[in-house]
Amino acid sequence: MDFFLPDEDDAIRQEVRAWIREHPNPTARDLAYAGFVVPHWPQPWGREADPLTQLIIDDELRKVGIRRPFNPIGTGWLGPTIIKYGTEEQRDRYLFPMLAGEEIWCQLFSEPGAGSDLAAVTTRAEHAGEYYVVSGSKIWTTFAHMSKFGVLLARTSFPGSSHETLSHDELSSTGNPYDDVTSRHAGLSYFICPMDTDGITVRTIRDMTGHESFNEVFFDEVKIPQANLIGNIGDGWRVAKATLGNERVSLSSEGLMWGAGPTVMDLIDLVAGRDTLSTPVRHRLTRAYINEQVLRITRLRITGKAVAGQEKGPEVSIVKALSDAHGKSVMDLAVDIAGAGGMLRDGDPLCGLVGWEHGHGRTWGKKRTLGASDWISGFLFSPALTIGGGTAEIQRNIIAENALGLPRD
Ligand SMILES: Cc1cc2nc3c(=O)[nH]c(=O)nc-3n(C[C@H](O)[C@H](O)[C@H](O)COP(=O)(O)OP(=O)(O)OC[C@H]3O[C@@H](n4cnc5c(N)ncnc54)[C@H](O)[C@@H]3O)c2cc1C
């Protein structure tokens with residue numbers, strides 16, 4: 001695989017440039033219809049772009065400052081699940097508005113008692129005519145407060161039960177049905193949930209950066225149309241596993257904060273030319289740069305497999321495990337370099353004295369100034385990297401079992 005981008009006269013470059021000339025100020029819909037939002041998706045939503053083509057498209061869009069619409073959970077990992085398991089009607093209805101960022105999506109999987117052990121989900125969806133009636137609660141649902149739709153993992157039958165679902169009374173008289181580890185993956189189903197349906201309450205949670213990006217979501221007899229089921233009833237675990245596999249790839253992309261935020265090169269740009277950097281700090285920067293290149297190449301390999309229609313293997317967990325730890329260590333390094341200045345936020349009168357706001361960022365395409373808050377928020381958020389999308393320990397369990405062939409946990 002060639003990791004250097006082709007020259008200016010490359011045919012794909014020329015094609016992208018010609019499109020940009022015709023669409024100098026593209027709308028989100030223009031980008032979606034051209035297949036530029038997620039180029040490796042199949043047509044008509046993407047361009048089935050191999051890794052190199054994707055990099056060229058990224059490069060050309062970045063050069064002219066074209067940014068893609070915002071919908072990270074939708075385009076990152078829910079869209080591919082709908083492409084794989086959804087019906088034609090579902091693909092027609094949901095994918096283009098998702099690509100254009102017109103309808104934001106969230107993922108309603110985790111519950112207070114079901115995180116790493118996702119099969120312990122207790123939110124119930126009972127069949128009632130043309131609907132499923134959902135009761136229960138979810139937690140840590142990123143963007144639920146701004147989403148039009150969510151994908152919901154709910155239990156439509158309980159292990160050992162001939163009923164489609166158990167009532168609360170039946171549930172308490174049968175003991176804990178989740179003790180039967182072998183069968184509890186069965187009976188989960190995967191739905192598209194319109195977030196404005198009656199009976200849904202969303203409550204934001206403030207994290208230690210001071211931002212409110214994730215939520216608790218409560219379901220009180222929420223009616224979801226039967227047509228919103230993705231895949232077969234009771235087969236939600238298989239569909240959810242596809243979502244989780246895509247999530248782990250997406251969360252491992254270039255920006256240090258799950259693909260967003262600054263990159264190692266932003267930090268290097270920021271400190272380049274300072275002759276006061278100590279030797280240990282130079283070594284840490286060099287190690288960070290090398291790690292970033294290794295991750296980049298491994299990500300390209302995964303994308304290449306996806307485009308070739310091959311199943312993703314344990315390298316997804318390897319990249320997730322490595323990039324989360326990498327993101328955290330670079331944020332630690334940034335704050336260490338800043339010294340006392342690392343305690344400042346944008347707008348703080350002392351900020352200018354430590355020079356934080358003079359760095360140039362590459363993160364968002366057009367060069368932009370990185371402020372102190374990019375690094376401080378990143379530093380405060382970075383412990384979450386090794387939890388969301390599957391914790392570091394869970395990734396290592398997957399690598400141990402699926403790559404190294406060690407006994408199951
Ligand atoms: C920033 C952020 C955003 C998130 N967004 C979403 C979202 O949009 N939608 C959603 O559904 N969820 C979301 N989550 C939730 C996330 O998926 C869960 O937090 C994660 O799966 C861990 O579950 P838990 O918090 O219940 O921890 P637990 O599963 O209770 O784990 C607690 C600790 O025990 C360890 N542990 C658990 N089981 C094992 C094992 N078998 N072997 C070794 N160690 C183990 C874990 O590694 C962890 O250290 C988000 C989380 C974060 C941090």
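Miscellaneous remarks
- Restricting attention to region 127-152, the residues that are open to solvent by 40 Å² or more (accessible area, probe 1.4 Å) and within 18 Å of the chain's Cα centre (by Cα) add up to 5.
- Test: Val319 is at pLDDT below 90 and touching a Leu at 6+ places or on another chain (Cβ under 8 Å): yes
- Listed by first and then second residue, the pairs linking a residue in region 385-404 that is touching a residue at least 40 places away in the same chain (Cβ under 8 Å) and more than 15 Å from Pro314 (Cβ to Cβ) to a residue that is in a loop (DSSP other than H, G, I, E, B) and within 6 Å of the ligand (Cβ to nearest atom), with Cβ atoms under 7 Å apart and 6 or more places separating them unless they lie on different chains, are Thr391/Ser116.
- Checking Cys106 against (1) closer than 17 Å to Thr243 by Cβ; (2) of a type outside the set (S, T, N, Q); (3) not in a strand (DSSP E or B), the condition it does not meet: (3)
- Residues of region 391-407 satisfying the condition of being more than 6 Å from the ligand (Cβ to nearest atom) and not in a helix (DSSP H, G or I): Leu404, Gly405, Leu406, Pro407
- Of note, Val239 satisfies the criterion of being among the hydrophobic types (A, V, I, L, M, F, W, C) and either open to solvent by less than 50 Å² (accessible area, probe 1.4 Å) or under 28 Å from Phe109 (Cα atoms) (or both).
- Breaking point among (1) under 30 Å from Gly199 (Cα atoms); (2) part of a loop (DSSP other than H, G, I, E, B), for Ile82: (2)
For every residue, the table says whether it meets (1) without any contact (Cβ under 8 Å) to a residue 24 or more places away in the chain; (2) touching a Ser or Thr at 6+ places or on another chain (Cβ under 7 Å); (3) under 18 Å from Ser137 (Cβ atoms).
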{"site": "Gly187", "(1), (2), (3)": "no, yes, no"}
{"site": "His211", "(1), (2), (3)": "no, no, no"}
{"site": "Val217", "(1), (2), (3)": "no, yes, yes"}
{"site": "Gly234", "(1), (2), (3)": "no, yes, no"}
{"site": "Val239", "(1), (2), (3)": "no, yes, no"}
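- One residue from Gly101, Gly46, Gly76, Gly86 being within 16 Å of the ligand (Cβ to nearest atom), more than 24 Å from Phe218 (Cα to Cα) and either open to solvent by less than 30 Å² (accessible area, probe 1.4 Å) or among the polar types (S, T, N, Q) (or both): Gly76
- Residue, surrounded by the fewest Cβ atoms within 10 Å (Cβ to Cβ), within region 268-283, restricted to residues that are charged (D, E, K, R) and outside any loop (DSSP other than H, G, I, E, B): Arg282
- The residues of region 379-397 that are touching a Lys or Arg at 6+ places or on another chain (Cβ under 9 Å) and under 18 Å from Lys320 (Cβ atoms), listed by number, are Ser382, Pro383, Leu385, Thr386, Gly389, Gly390, Ala392, Gln395, Asn397.
The values are calculated or read from the model by the stated rules, or taken from the named source; none is laboratory data. Remember, predicted model here, so these are calculated numbers, not experimental data. Ideal geometry is used to build each Cβ from the backbone, glycine not excepted, and the neighbour counts take in all protein chains shown. Calculation scope for accessible area: heavy atoms of the full protein, side chains included, ligands and nucleic acids excluded. Shrake-Rupley method; radii C 1.70, N 1.55, O 1.52, S 1.80 Å.
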